[in-house]
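Here's the structure we're looking at; comments come further down.
The values are calculated or read from the model by the stated rules, or taken from the named source; none is laboratory data. Because the structure is a prediction, the values reported are computed rather than measured. In this analysis, Cβ positions are derived from the backbone assuming ideal geometry, glycine residues included, and neighbour counts consider all displayed protein chains. To get the accessible areas, we keep the full protein, side chains included, count just its heavy atoms, and leave off ligands, DNA and RNA. Shrake-Rupley method; radii C 1.70, N 1.55, O 1.52, S 1.80 Å.
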Amino acid sequence: FQMDTTPESYLDLFPSDAIVYLTPDSENGKYIDPNKVYVLGGLVDESIHKQLTLRRAREQSLQTARLPIREFMVRAPNPRNYHCETLAINQVFEILSTYYETRSWPVALKAGVSSGKGFVLPEEQEE
């Protein structure tokens, strides 16, 4: 993938109705629209700040979405009872890239959601 960097804000580069801010706190688990511009990694931090990226998107009057982890994956039993939908930028990019290539959410989510997050595809839970 070719990437360009710029000091300009995405708000200055794209019309606001074309921007979708990806946040695990969004209730919108709809599918990816190739005509939209997605903001990944709106927050880079070692800790999880619930609702921060959702608040930022709302302050900027932007649409929000989340990856459809809840729709396609199930909580796997684990010793710590740990389940987290917050992913690193590289994981989100891997999921979106795989989805773009395969048009399959199960395949894309399996590629990018590590087992350490506590989610698996339903057929993997039965194994």
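In the stretch 116-127, which residue that is part of a loop (DSSP other than H, G, I, E, B) and either at pLDDT below 90 or under 22 Å from THR23 (Cβ atoms) (or both) is least open to solvent (accessible area, probe 1.4 Å)? Once the filter is applied, the top-ranked residue is GLY118.
Listed by first and then second residue, the pairs linking a residue in the stretch 17-30 that is without any contact (Cβ under 8 Å) to a residue 24 or more places away in the chain to a residue that is part of a loop (DSSP other than H, G, I, E, B), with Cβ atoms under 7 Å apart and 6 or more places separating them unless they lie on different chains, are ALA18/LYS36.
Only residues that are open to solvent by 40 Å² or more (accessible area, probe 1.4 Å) and under 18 Å from PRO34 (Cβ atoms) were counted across the stretch 79-115, and they come to 7.
The residues in the stretch 10-41 that are farther than 21 Å from ALA88 by Cα and of a type outside the set (D, E, K, R) can be counted, and the count is 8. Residues in the stretch 61-78 that are out of contact with any helix residue (DSSP H, G or I) (no Cβ under 8 Å at 6 or more places or on another chain) and open to solvent by less than 30 Å² (accessible area, probe 1.4 Å): ALA65, ARG66.
Looking only at the stretch 104-118, count every residue that is closer than 13 Å to PHE72 by Cβ and out of contact with any helix residue (DSSP H, G or I) (no Cβ under 7 Å at 6 or more places or on another chain) and tell me the total.
Adding up the residues that qualify gives 2.
Between ALA76, ALA88, ALA111, the distinction of being closer than 18 Å to TYR21 by Cβ, small (Gly, Ala, Ser) and without any contact (Cβ under 8 Å) to a residue 60 or more places away in the chain belongs to ALA88 only.
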